[in-house]
Amino acid sequence: MERAVKVVLLSVVFMVSKINCQEAILHISDGSTEREYCIVHNHSWTPLPQTLDAAVNYPLVNMTSTVLCNGSGISPEEVKGKALVVMRGDCDFSQKAVVAQSLGAATLLIASNTLLITPSANDSEYAKVNISLALMRYRDFLEAQQTFSKNMMVKLYAPPHLKIDPSIAVILLIAIVTVVLGGYWSGACERDRLNSGTAGGGGGGGGGGGRGENKADSGELSLYSPLKVVIFVAMMCGMLVLMYYFYNVLVYIIIAIFCLASASALFSCLDAVMEKIGCGTVSFSIRNWKFSVRSLLLAAVCISIAVVWGVYRNEDRWIWILQDLLGIAFCLNFMKTISLSNFKICVILLSLLLVYDVFFVFITPFFTKNGVSIMVQVALGPDASGEKTQGNMVEVPAEPQAPSEKLPVVMRVPRFSAWAQNLCGMQFSILGYGDIIVPGLLVAYCSRFDVWVNSRKKIYFVSCCIAYLLGMILTFAVMLLSGMGQPALLYLVPFTLITSAVVAGCRGEMKQFWAGTTYEVLDSSREPLLPEGRTDSSVGGERC
């Protein structure tokens, strides 16, 4: 059951991508009153001027009674040279824009009752649209109608803001600290197992218990078979497809699983911290059941945090703190409990997940009816239907009246762009858990290998952490230079794998690094096989 839960959560982790939404401002006036509202546009498709003075003033025509999928019943004289506001739905953004353009409109505003996303289209449609296009909240338009007279004049502009938002540095810090702590924790647990196995002494059974049965008893899961890795990734693919077809039901199941798993993970992390600092515990018994006061208090705190997050998960202004806390604990516990037995398994798993990520993001749009990748469709939910998006995404809040449920598998940090936060609500920089967990599993293996070879400088662990940091920096650099979000695994997987292999090659330990331990694990619940003539003490001495 625990293995199935791990597969489900890790599958969902890779469903989340990040959209680089480009917020802008809609300025409305009637000669005496002025108001500004949030809009979302695509600068690479229909760019907007950067200042209000440079923006062109257009009369606004209300056509929210139509979705403008065709021009029937609309007189070109009524809309020529004006800005139109129509409802979202029924057809692609590009089709609405082409119709508005054919009628002579100068600007198209699409009012939306759902989540705002970057307006986009298939590559063949980009060149057909020459007018400005943006999405706005329908409730903002209703408010403007009540505020202004019928003669509304509008300007659209996109003030420049810092590409390097400070929230990126916070996200980077969260990622590297989580990976380092997770790897260190995994190595420390491995050292404790070896020490307890050596202390047990007395024949092969003692050493085997330290490396085999103790791991099973501690609830850890080990991936040591290439076939099991392939099955593991295949199950993730199946879970993603199920989420694609049954999102509205499964999203609540994922939320419930996340609450349970993150509360358990937070308990494990806090309990380990208490144990490390030497915090004592008081126990008592009730009807032959033994209880620990410390464990009960920690469990109450962790369950309370998970419940509060579950209840207020759509409250953007502060709930991101709890989500990040639970997410960090989840990633740490995942890296500690899921162990890869050797570098061969690391290469197979990380490579398959990289292919998995690329396939479901870039290849599946050729097979879906609406041209949207399965990964993006699941990440955005049903609201993404009919609108193609590319690359990574930054979340734009849903309508307060009807918040859209999101998969809770991202680290979220508010962006520090004040104008965007004031008009568009809380905007977030996001990093998926998969960009932490997948390279983190390799970092954890390197940390354990340092223990096996008794490396005092922890050369494998340190070098893999540095490679992860450089990979993340390169990811953000490419994102900022290109203006598009980047799938981080494209950089993190090669960086960490190549660096680890180079270190092993330079130290002349590639054979041991590739094979992992000095014995072959047949099953996590069975005794490991020691080479003929070896004792558990010899394994504990060489640790390689």
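Values in this text are rule-based calculations from the coordinates and carry no lab data. Being a predicted model, the structure only gives us computed values, none of them experimental. We place every Cβ from the backbone using ideal geometry, glycine too, and count neighbours over all the protein chains shown.
Rounded, prolate or oblate: which fits segment 257-366, taking a ≥ b ≥ c as square roots of the Cα gyration tensor eigenvalues, rounded meaning a/c under 1.5, else prolate when a/b beats b/c?
Since a/c reaches 1.5 but b/c is at least a/b, the shape of segment 257-366 is classed as oblate.
I need the peptides 132-145, 244-257 ranked by packing, meaning the mean over residues of other C-beta atoms within 10 angstrom, with the highest value on top.
My ranking of the peptides, most packed first, is 132-145, 244-257.
Let a ≥ b ≥ c be the square roots of the eigenvalues of the Cα gyration tensor of segment 23-157; is it rounded (a/c under 1.5), or, if not, prolate (a/b larger than b/c) or oblate?
Rounded is the answer for segment 23-157, as its axis ratio a/c remains below 1.5.
For Cys69, Cys464, what's the fewest-to-most ordering of other Cβ within 10 Å of each Cβ?
Cys69, Cys464
Ranked highest first by average number of other Cβ atoms within 10 Å, how do 311-323, 350-362 line up?
Packing proxy ranking, top to bottom: 350-362, 311-323.
Roughly how many whole Å is it from the C-alpha centroid of segment 296-343 to that of segment 229-282?
What the calculation gives is 8 Å, centre to centre.
By the gyration tensor of its Cα atoms, with a ≥ b ≥ c the square roots of the eigenvalues, what is the shape of segment 218-289: rounded for a/c under 1.5, prolate for a/b over b/c, or oblate?
In terms of gyration-tensor shape, prolate.
Within 10 Å of each residue's Cβ, count the other Cβ atoms and sort Phe495, Phe330 from fewest upward.
Phe495, Phe330
Sort Arg294, Arg287 so the one with the fewest other Cβ atoms within 10 Å of its own Cβ comes first.
Going from sparsest to densest Cβ surroundings: Arg287, Arg294.
For segment 74-182, what does the relative contact order come out to in percent, with C-alpha contacts under 8 Å and a separation of six or more?
For segment 74-182, the relative contact order is 23 percent.
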